[in-house]
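What follows is a single structure, written as structure tokens, with notes after it.
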Amino acid sequence: MGGELALSLQLGLIYGLVAVGVFLTFRVLNFADMTCDGSFMVGGCVASMLLRNGFSPALAVLGAGCGGAFTGCGTAFLHLRFRISDILAGILIAFMAYSINLRILGGMPNLTLSTDPGRELLLAACCCAVLLAFGYLLGTDFGLAFRSVGQNRELASSQHISVKTALTFGLAAGNGCVAMGGAFFCLTQGFYDVGSGSGTLIVGLASLVIGEAILPFRSPWIRLLACFLGSIAYRLAVGFALHSDMPFLRPSDFNLLTAALIILTLALRRRKGPCCA
């Protein structure tokens, strides 16, 4: 039981970073970004290659964040420059990321990495840094302008707020957080697989929705904290269901349980009031 709780907490913090990225794009920017699966893989790929070349875990995570930010900038470029819809732009970038990662890895679909117990402390420090940084940023004048773009782009533009800058920054920051989550996933699990990003967006959305149900407040600080709490609660719920004595549940039911948990949470929220998910 203790091991399961520790694993749920660890994965909850990792996917809490993913939930923060989803929060920045889906909630703050009101941008349906589908790049998450790709940026998660990019983060793991960059971190794995940096580790294998002798870089420290901290620099590997930082490099992964930069790789994810670059991925988000690619989505912003397609959307702003070529007028491609937000959903399709994200899908295209995530689709391309798979082949790019394989090329970076020299055609190898997976890598084995060494594990270090100290990386859990690095994970906790990174989560605290992300929470503090974005909590402070969203309360500044820049953060207010950034949030206004998600509320009403036309009104923000009429107030001389650069919509292009806000979208590019938001997508870069959001996917950078997702990529750091991918880096920590590889660092703590001890391997990288090019297909490990599948379903990342769904897990991030599940964590976000559950977190908003736990802490239904409007403060940016509380909403960021809710991302991590929702991710931990989601992992605990799924872990309990899969390791219970229920004869009709199997580990292969993970996707089914995730979807059922999201539907249940949304249904409960809709009964209490309007739902924006």
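Length gain on complete extension for the stretch L155 to F191, per 0.36 nm per residue less the alpha carbon to alpha carbon distance?
Details: separation 36, 0.36 × 36 = 12.96 nm, distance 4.67 nm.
Separation in residues times 0.36 nm, less the Cα-Cα distance, equals 8.3 nm.
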>> Can you compute 3J(HN,Hα) from phi for each residue in the stretch 78-85, using the Karplus curve 6.51 cos²θ - 1.76 cosθ + 1.60 with θ = phi - 60°, rounded to whole Hz and x for Gly and Pro?
In response: 4, 6, 7, 7, 10, 6, 7, 4
> From the Cα gyration tensor of the stretch 68-148, with a ≥ b ≥ c the square roots of its eigenvalues, which class applies: rounded if a/c is under 1.5, or else prolate if a/b is larger than b/c, or else oblate?
Replying inline: oblate
>> For the chain, set up a GNM with springs between Cα atoms under 10 Å and report which of I202, I14, I87 has the largest fluctuation.
In response: I87
>> Taking the Cα centre as origin and putting +1 on Lys and Arg beta-carbons and -1 on Asp and Glu beta-carbons, what dipole magnitude results for the stretch 145-260, to the nearest 20 debye?
In response: 380
> Do you know the relative contact order of the chain, to the nearest whole percent, from alpha carbon pairs under 8 angstrom that are 6+ apart?
Replying inline: 34
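For the chain, state the semi-axes of the equivalent ellipsoid (square roots of 5 times the eigenvalues of the alpha-carbon gyration tensor), sorted largest first and rounded to whole angstrom. Kindly include the intermediate steps, with their values, before the conclusion.
Values: eigenvalues 152, 119, 62 Å².
Result for the chain: semi-axes of 28, 24, 18 Å.
Give the peptides 159-166, 181-188 in descending order of average Cβ contacts within 10 Å, highest first.
On the way: 159-166: 14.1, 181-188: 29.2.
Output ranking for 159-166, 181-188: 181-188, 159-166.
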>> Which residue, V28, T112, G68, has the largest displacement toward the positive end of the dipole of the chain when charges sit on each Cβ (Lys, Arg +1; Asp, Glu -1)?
In response: V28
> In debye to the nearest 20, how big a dipole does the stretch 1-98 give about its Cα centre with +1 on each Lys and Arg Cβ and -1 on each Asp and Glu Cβ?
Replying inline: 240
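Multiplying the sequence separation of R83 and R250 by 0.36 nm and subtracting their Cα-Cα distance, what value in nm do you get? List each step's numbers first, then the result.
Values: separation 167, 0.36 × 167 = 60.12 nm, distance 4.38 nm.
Fully extending the segment from R83 to R250 adds 55.7 nm.
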> Semi-axes of the equivalent ellipsoid of the stretch 121-210: what are they in whole Å, largest first, if each equals the square root of 5 times a C-alpha gyration tensor eigenvalue?
Replying inline: 30, 16, 11
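At 222 nm, what value in deg cm²/dmol follows for the chain if DSSP H runs of at least 4 each add -39500 (n - 2.57) and the sum is divided by all its residues, to the nearest 500?
Values: 11 runs with 202 residues, N = 277.
Using -39500 (n - 2.57) per qualifying helix, the result is -25000 deg cm²/dmol.
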>> Which one, G176, L155, A166, projects farthest toward the positive side of the charge dipole computed for the chain from Cβ point charges (K/R +1, D/E -1)?
In response: L155
> Which is farthest toward the positive dipole end of the stretch 2-272 among P57, F228, F82, measuring Cα position about the Cα centre, with Cβ charges +1 (Lys, Arg) and -1 (Asp, Glu)?
Replying inline: F82
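Given all pairs of different Cα atoms, what value in angstroms does the Kirkwood hydrodynamic radius of the stretch 1-149 take? Before the final figure, lay out each step's value.
Details: mean 1/r = 0.0594 Å⁻¹.
So the Kirkwood estimate lands at 16.8 Å.
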> Once you put a point 7 Å from the Cα of L268 and another 7 Å from the Cα of N30, both along the Cβ direction, what distance in nm separates them?
Replying inline: 2.8
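Would you mind working out the magnitude of the charge dipole of the chain relative to its Cα centre, with +1 at each Lys and Arg C-beta and -1 at each Asp and Glu C-beta, to the nearest 20 Debye? Could the numbers behind the result be given before it?
On the way: 17 positive and 12 negative charges, 131 e Å.
My answer is approximately 620 debye.
What length, rounded to one decimal in nm, is gained on full extension from A125 through to S99, with 0.36 nm per residue of separation minus their alpha-carbon distance?
Working: separation 26, 0.36 × 26 = 9.36 nm, distance 3.19 nm.
Stretched fully, the A125-S99 segment lengthens by 6.2 nm.
Every read-out reported here was derived from the displayed coordinates using simple, explicitly stated rules and does not represent laboratory data. Owing to the predicted nature of the structure, the values given are computational and were not obtained by experimental measurement. Reconstructed Cβ throughout: ideal geometry from the backbone, glycine too, with neighbour counts over all protein chains shown.
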